[in-house]
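Visitor: Let me begin by handing over the structure; questions about it come next.
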There are 2 protein chains.
Amino acid sequence: MARTYNFSAGPAMLPSAVIARAQQEMMEWHSAGMSVMEMSHRGKDYMSIAEKAEADLREVMAIPSNYKVLFLQGGASSQFAMVPMNLLRGSGGADYLNTGMWSKKAIAEARRYCEVNVAADTSAGGFCAVPEQDSLQLNADAAYLHYTPNETIGGVEFDYLPESGEVPLVADMSSTILSRPLDVSRYGVIYAGAQKNIGPAGLTIVIVREDLIGHAPEQTPAMFSYETHAKADSMYNTPPTYSWYMAGLVFEWIKEQGGLAAMAEVNQRKAGKLYELIDSSDFYANPVEKNGRSWMNVPFTLADAALDGAFLSGAAERGLVTLKGHRSVGGMRASIYNAMPEEGVDTLVEFMRAFEQKNG
Amino acid sequence: MARTYNFSAGPAMLPSAVIARAQQEMMEWHSAGMSVMEMSHRGKDYMSIAEKAEADLREVMAIPSNYKVLFLQGGASSQFAMVPMNLLRGSGGADYLNTGMWSKKAIAEARRYCEVNVAADTSAGGFCAVPEQDSLQLNADAAYLHYTPNETIGGVEFDYLPESGEVPLVADMSSTILSRPLDVSRYGVIYAGAQKNIGPAGLTIVIVREDLIGHAPEQTPAMFSYETHAKADSMYNTPPTYSWYMAGLVFEWIKEQGGLAAMAEVNQRKAGKLYELIDSSDFYANPVEKNGRSWMNVPFTLADAALDGAFLSGAAERGLVTLKGHRSVGGMRASIYNAMPEEGVDTLVEFMRAFEQKNG
């Protein structure tokens, strides 16, 4: 089999050009006499790789100079604890928006450390909408406001940036980072697991405003303190060096594609093609309100769930794989991150039309 | 330049056969249509990779069935906090042996959580010896006894397994795991960062006796609880999938070499050649007492430190790289983990003799 169109929600497809370059550099990086995996993280070759990756990410996202960029381990699940540990500053509470499975997990973890004020909750409607700004029950004394701009499982994405006034805004951007331009200065903390739009699993990017660093209580594990990592340029201990390198290749690739404006244009078009087909059909359905639909994760169901198996095997025959929906939602889910070529979406749309004609 | 003999202390050299196989499988693993990096960790292809890696590690180390093997993130530095968090069980204190820089770091982190009884301390002698069993000031009520069997920076390795009675023995084996056979049943917890003898940085192996799991207090971050990961077979959240795969290739390679008995034989011989040269010379010196010398990390100094630069550049010309010693020790350090071929050590010994003849 050749390389497929892989609609996995994460770990997810990477650009073929990036994989090809990693393959070519695997036995020996440039003239270093070794693989990137074998380099000391303190050596000048690896330092140049790490610094270039950060510089490229700063350029691509236009990250202001008063923000630190940290290359960490542990995934968003570790950030669920690190955010309250570092940001509470003795305050008793924080605001959270509950818009899906990942918000719920962040809230559950935060409750170990503080009073959580759920400022909006769309669970009653099955997480099929984004709450309106006017409906948010925000607390002006909250240590921060946490939300999940894109819910990977529900396929729900905010079409606006919540206004939190002086309260730092914290965002789990695991499944939307780098998919479109963003005003970083509006955020206190942005974090993202790498395995969707950044690179291989095992790397977590944290972008944190400098004034929010240095306030973790004494009993915080050193590895869970933003200050530890900020002071050491993410090299307090050995970082996930190879994943950091791969992320750097992805950042270079994004620059070559024209940056985030270009990514956004393609991403909007890719998602639009899928939603258009779904909305024009009685055979396929997506439950999310139109203004809250994700560009990155498109869940959909077939009119008859008994056809799910035939859909998946038919798709696989055409090289369209990992389309099965999350067990909590059922049906299908097409995750169409930056690395999914538009031809992959076109091929999926074509297959969906043909499948409907045959079975609808 | 071709591939070098890389004496880095970590991230370190990997077997060339392993890198070559990873390169070959990079664009597409078997007939999966994608790279291992792009696979969902819940899919059957990746599950087969993960399960085989664990099975091979269990076989190679003869891990008893009442031990869980966890594939985590965060390095030994995270274990420095996780060990007390999970093992204290309300007890006020734990015993630690202080035999080098890594012991010191483990002790500093543990002090956030409990009273640390330093049961042995070789710092006064510059960390150049292992403390004798009879000299250990152990506390029968300690929650556990923590030690570092091999100190990567000082090049000091225990030549015996400390006897702790009913108190669980906890070992940071980052730089000695898989270098020789081991009786796992004598330990409560064994942990190791991957980047020396296991695989790429970003993976941490924790081998933990089942009765020690499930006792972390409520305010422990979910990601810092052994129970979280044990219950989920290390897939509570997305694991570092590619590093786990690479570790699996290394475990296979160890089996092909004849397992840990064969590794030990070669490792002892490699280290022996270096120490023999150093001891037979007035030009080179190693400060560690003979019974405490590491098989994995061989620090040495030149009689005249002004020659260090010429030594390093002469070595590099022969493809012998990353020999500069740790800044806290100075001089040189040859880290000779499993993946360093015996020819690499032979070439180094030959160069050292020639350099001494010319400059001694």
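The values are calculated or read from the model by the stated rules, or taken from the named source; none is laboratory data. All values reported here derive from a predicted model rather than from experimental measurement. Ideal geometry is used to build each Cβ from the backbone, glycine not excepted, and the neighbour counts take in all protein chains shown.
The rows are residues; the columns are (1) outside the structural domain of A:Leu178 (by TED's automatic domain parsing); (2) of a type outside the set (Gly, Ala, Ser); (3) free of Cβ contacts under 8 Å to residues at least 40 places away in the same chain.
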site: A:Gly314; (1), (2), (3): yes, no, no
site: A:Gly319; (1), (2), (3): yes, no, no
site: A:Thr322; (1), (2), (3): yes, yes, no
site: A:Gly330; (1), (2), (3): yes, no, yes
site: A:Tyr337; (1), (2), (3): yes, yes, no
site: A:Met340; (1), (2), (3): yes, yes, no
site: A:Asp346; (1), (2), (3): yes, yes, no
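Visitor: Since A:Asp233 meets every condition but one in (1) within 20 Å of the chain's Cα centre (by Cα); (2) at positive phi, which condition does it not meet?
Guide: Only one criterion in (1) within 20 Å of the chain's Cα centre (by Cα); (2) at positive phi is unmet by A:Asp233, namely (1).
Visitor: Here's a follow-up. Based on what the data block shows, is B:Ala20 out of contact with any helix residue (DSSP H, G or I) (no Cβ under 6 Å at 6 or more places or on another chain) and either surrounded by fewer than 20 Cβ atoms within 10 Å (Cβ to Cβ) or assigned by TED's automatic domain parsing to the domain that holds B:Ala316 (or both)?
Guide: It is true that B:Ala20 is out of contact with any helix residue (DSSP H, G or I) (no Cβ under 6 Å at 6 or more places or on another chain) and either surrounded by fewer than 20 Cβ atoms within 10 Å (Cβ to Cβ) or assigned by TED's automatic domain parsing to the domain that holds B:Ala316 (or both).
Visitor: What are the pairs with Cβ atoms under 7 angstrom where one residue, in the range B:111-131, is in contact (Cβ under 8 Å) with a residue 12 or more places away in the chain and surrounded by 14 or more Cβ atoms within 10 Å (Cβ to Cβ) and the other, located anywhere, is in a loop (DSSP other than H, G, I, E, B) and of a type in the set (D, E, K, R)? Sequence gap at least six, or different chains.
Guide: Going by the 7 Å Cβ cut-off, the qualifying pairs are B:Arg112/A:Glu218; B:Cys128/B:Glu289; B:Ala129/B:Glu289; B:Val130/B:Asp159.
Visitor: Which of the residues that make up the range B:118-138 are β-branched (Val, Ile, Thr) and in contact with a Gly (Cβ under 6 Å, 6 or more places away or on another chain)?
Guide: Residue satisfying the conditions is B:Val130 alone.
Visitor: Here is a further query. Evaluate the following for A:Arg293: is it away from chain B (no Cβ under 14 Å), buried (at least 21 other Cβ atoms within 10 Å of the Cβ) and among the basic types (Lys, Arg)?
Guide: Yes: the conditions hold for A:Arg293.
Visitor: A further question on this structure: Check off (1) within 14 Å of chain B (Cβ to nearest Cβ); (2) part of a strand (DSSP E or B) for A:Val298 and give me the number that stays unchecked.
Guide: (1)
Visitor: Let me confirm something: among A:Phe251, A:Phe283, which residue is modelled with pLDDT of 95 or more, hydrophobic (A, V, I, L, M, F, W, C) and closer than 30 Å to A:Trp29 by Cα?
Guide: A:Phe251
Visitor: Could you say which residue among A:Ala12, A:Ala2 is more than 25 Å from B:Gly74 (Cα to Cα), assigned to a loop (DSSP other than H, G, I, E, B) and not assigned by TED's automatic domain parsing to the domain that holds A:Gly199?
Guide: One residue alone meets the criteria, A:Ala2.
Visitor: Report yes if some residue within the range B:307-328 is within 14 Å of chain A (Cβ to nearest Cβ), over 22 Å from the mean Cα position of the chain (by Cα) and basic (Lys, Arg); otherwise report no.
Guide: Looking for residues that are within 14 Å of chain A (Cβ to nearest Cβ), over 22 Å from the mean Cα position of the chain (by Cα) and basic (Lys, Arg), one finds at least one in the range B:307-328, hence yes.
Visitor: A:Met332 - would you say it is within 27 Å of A:Val60 (Cβ to Cβ) and within 20 Å of the chain's Cα centre (by Cα)?
Guide: No, not satisfied.
Visitor: Moving to a separate point now. Hey, can you tell me all the residues within the range B:38-54 that are in contact (Cβ under 8 Å) with a residue 12 or more places away in the chain and of a type outside the set (A, V, I, L, M, F, W, C)?
Guide: Of everything in the range B:38-54, those that are in contact (Cβ under 8 Å) with a residue 12 or more places away in the chain and of a type outside the set (A, V, I, L, M, F, W, C) turn out to be B:His41, B:Arg42, B:Asp45, B:Tyr46, B:Lys52, B:Glu54.
Visitor: A further question on this structure: Could you grab the pairs with beta carbons closer than 6 Å, sequence gap of 6+ or different chains, first residue in the range B:13-37 and in contact (Cβ under 8 Å) with a residue 24 or more places away in the chain and within 15 Å of B:Tyr337 (Cβ to Cβ), second one assigned to a helix (DSSP H, G or I) and β-branched (Val, Ile, Thr)?
Guide: Filtered contacts from the range B:13-37: B:Val18/B:Val250.
Visitor: Examine the range A:50-57 for a residue that is more than 8 Å from chain B (Cβ to nearest Cβ), more than 17 Å from the chain's Cα centre (by Cα) and part of a loop (DSSP other than H, G, I, E, B), and state whether such a residue exists.
Guide: Taking the range A:50-57 as the starting set, the residues that turn out to be more than 8 Å from chain B (Cβ to nearest Cβ) are A:50-57.
In the following step, the residues that additionally are more than 17 Å from the chain's Cα centre (by Cα) were identified as A:50-56.
Those still in the list that are part of a loop (DSSP other than H, G, I, E, B) too: none.
No, the conditions are met nowhere in the range A:50-57.
Visitor: B:Asn66 is checked against (1) touching a Lys or Arg at 6+ places or on another chain (Cβ under 8 Å); (2) within 13 Å of another protein chain (Cβ to nearest Cβ); (3) surrounded by fewer than 20 Cβ atoms within 10 Å (Cβ to Cβ) and fails just one. What number does that condition carry?
Guide: Single failed check for B:Asn66: (2).
Visitor: Would you tally the residues in the range B:134-152 being surrounded by 21 or more Cβ atoms within 10 Å (Cβ to Cβ) and either under 12 Å from B:Tyr96 (Cα atoms) or of a type outside the set (Ser, Thr, Tyr) (or both)?
Guide: Of the residues in the range B:134-152, the ones surrounded by 21 or more Cβ atoms within 10 Å (Cβ to Cβ) are B:142-152.
Right, trim to either under 12 Å from B:Tyr96 (Cα atoms) or of a type outside the set (Ser, Thr, Tyr) (or both) and you get B:142-151.
Qualifying residue count for the region: 10.
Visitor: Still on this model: Filter the range B:170-227 down to the residues that are touching a strand residue (DSSP E or B) at 6+ places or on another chain (Cβ under 8 Å) and of a type in the set (D, E, K, R), then identify the one that is surrounded by the most Cβ atoms within 10 Å (Cβ to Cβ).
Guide: Going through the qualifying residues, I end up with B:Lys196.
Visitor: Quick check on this structure: which one of A:Thr152, A:Thr204, A:Thr238 is within 14 Å of chain B (Cβ to nearest Cβ), farther than 30 Å from A:Lys270 by Cβ, out of contact with any Asp or Glu (no Cβ under 6 Å at 6 or more places or on another chain) and not acidic (Asp, Glu)?
Guide: Selected residue: A:Thr238, the only one of A:Thr152, A:Thr204, A:Thr238 that is within 14 Å of chain B (Cβ to nearest Cβ), farther than 30 Å from A:Lys270 by Cβ, out of contact with any Asp or Glu (no Cβ under 6 Å at 6 or more places or on another chain) and not acidic (Asp, Glu).
Visitor: Looking at the range B:176-198, I want the residues that are over 19 Å from B:Ala261 (Cβ atoms) and have a partner that is surrounded by 24 or more Cβ atoms within 10 Å (Cβ to Cβ) and among the acidic types (Asp, Glu) with Cβ atoms under 9 Å, at least 6 apart or on another chain. Which pairs are those?
Guide: Listed by first residue and then by second, the contacts come to B:Tyr191/B:Asp172; B:Ala192/B:Asp172; B:Gly193/B:Asp172.
Visitor: Do you know which of the residues in the range B:15-36 that are assigned to a loop (DSSP other than H, G, I, E, B) and more than 7 Å from chain A (Cβ to nearest Cβ) is nearest to A:Pro240 (Cα to Cα)? Let's see the steps before the verdict.
Guide: Step one: list which residues in the range B:15-36 are assigned to a loop (DSSP other than H, G, I, E, B), which gives B:15, B:25-35.
Keeping just the survivors that are more than 7 Å from chain A (Cβ to nearest Cβ) gives B:15, B:25, B:29-30, B:32.
Numbers: B:Pro15: 19, B:Glu25: 21, B:Trp29: 22, B:His30: 25, B:Ala32: 25 Å.
The extreme case among them is B:Pro15.
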